[in-house]
1. Classify region 1-63: rounded, prolate or oblate, from the alpha-carbon gyration tensor (a ≥ b ≥ c, eigenvalue square roots; a/c under 1.5 rounded; otherwise prolate if a/b is larger than b/c)?
2. Provide the per-residue ³J(HN,Hα) series for region 331-342, in order, calculated from phi with Karplus coefficients 6.51, -1.76, 1.60 and θ = phi - 60°, each as a whole number of Hz, with x at glycine and proline positions.
3. Which shape class applies to region 150-243: rounded if a/c is under 1.5, otherwise prolate when a/b exceeds b/c and oblate if not, where a ≥ b ≥ c are the square roots of the Cα gyration tensor eigenvalues?
4. Using a 7 Å offset from the Cα along the Cα-to-Cβ direction at both S138 and N377, what is the distance between the two label points in nm, to one decimal?
5. For region 35-119, what is the relative contact order in percent, using Cα pairs closer than 8 Å and at least 6 residues apart in sequence?
6. Averaged per residue, what accessible area in Å² does the chain show with a 1.4 Å probe, protein chains only?
7. Just to confirm my numbers, what's the Cα centroid distance between region 98-175 and region 226-275 in Å?
8. Say the dipole of region 262-363 comes from +1 at the beta carbon of Lys and Arg and -1 at that of Asp and Glu; which of S340, F316, A295 then lies farthest toward its positive end?
Amino acid sequence: SGEVIGRGKVHYDSGNYAEAIKEFQKVPERDTNYVLMLAETALTYLAAEQYDEALTLCEKGLAKPSPYAPSFYRYRAIAEDKKGNLDQSVKRFEEAIAKYPADYGLLYNLGVTYYNNGQHEKAAKVFFDVLSFNPFHSGSHLNLGRIAVGQGRKTHAMLSLGMYLSVSNSDNSRLVLLNNFLDNQVSDEGSIPLFGVNEAEKMDQIIRAKIAMEKNFKSEIPVNAAVVRQYELFFQQLSLIGNDQGDPWVKMYMPIYRSMQQNGEAETFIYYLLSSSSNAAVKKWLSKNKKTLDAFFASVNSAIKKQRDVVSLAQFGYAKPVQAWYYNDNTLSALGEYTSNEIRKGQWKFYHPNHVESAEGMYNDSGKKTGLWKYYNKDGTLKTLEDYNTGEVIVHYPDGTR
């Protein structure tokens, strides 16, 4: 069945959705890969714009616990949106996020749904929520940049798209978009209504005036492009940007850019943004400065990771911001508080790599587990209940017995 699903995915990747579905449907219901097959088929129905069929399979897939439940929730919500049922789609997403708050993919897709339906302020809030515990998420940076471009907010676009291109530096089309936007050559400016605080209005005025493009502006990089000169000016004038945390772009991005400025990494940052260009000077610099780039990566990754050290999203069930820990792939692994002596205390939650909660319970002031702890399987079903006050352990078996 694994080989069958593999062949189906090859058809899917080639856009042959009908053939992919035929291949997937060869997996019988008794097979251990049956639920995985349902998930792959539901995704294929979405791609083929057969939304009712996708919804039917999602309901079937959710009928029994599996590690693929978050995917079924996601596909179900997307199908409702594609059918034009925005309210129902949002409701489905919110149900799924409440159940799997660590799955940033669910949160991101909700943001995309808002964006595609013209609700940009709601979309921006969701994208920032994603970045609060996965600041490396390229899609959220990109869409925040697209919103800023539509609003004509030059600095916000530089903050978001600059970070996006740092994560996805091979995307030349977005580099061209940013260059054109900073050269006042994008016709979509003003297509998205303004909302929220903008602490970079003074910087926006300077960028829009194209002072950096004048002959008397001294550039240190031999590339005569708006994206180069405007970023040089941006780093020179960072003090013009306020610190009001009411501006989510400033709150999210400015600590990272200020870190680059303080570490003398502005030039390296700009060259790295240009990685997808064919400019000979850029290629030469990147080739000759690999050690500089490695140091830059380490420094910026450290600055980015600081943005996720504390999570304050309500869906995690904490009354105040809480410390967070992550797997190597940047998915959330645990939430909880450490004392100054590095002793766990209070409420802790742990997560499987598939974003499903793996355990939850309390630590006392001595760092010992106390009270009732719950442990879960990767499909979200309860595995054991352990009372650390009485020593009682209740094991829940897959057949429903205990």
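The values are calculated or read from the model by the stated rules, or taken from the named source; none is laboratory data. Just so it is clear, the structure is predicted and the values come from calculations on it, not from any experiment. So basically every Cβ, Gly included, is an ideal-geometry build from the backbone, and we count neighbours across all protein chains shown. Each accessible area value is taken on the protein alone, full model and side chains, heavy atoms only, with ligands, DNA and RNA left out. Shrake-Rupley method; radii C 1.70, N 1.55, O 1.52, S 1.80 Å.
1. Taking the square roots of the gyration eigenvalues as a ≥ b ≥ c, region 1-63 is oblate.
2. Each residue's phi maps through the Karplus curve to give 7, 5, 10, 6, 10, x, 10, 9, 7, 4, 8, 6 Hz.
3. Verdict is rounded for region 150-243.
4. 3.6
5. 23
6. Each residue of the chain exposes 48 Å² on average to a 1.4 Å probe.
7. Comparing the Cα centres of region 98-175 and region 226-275, I get a distance of 18 Å.
8. So the residue furthest toward the plus end is A295.
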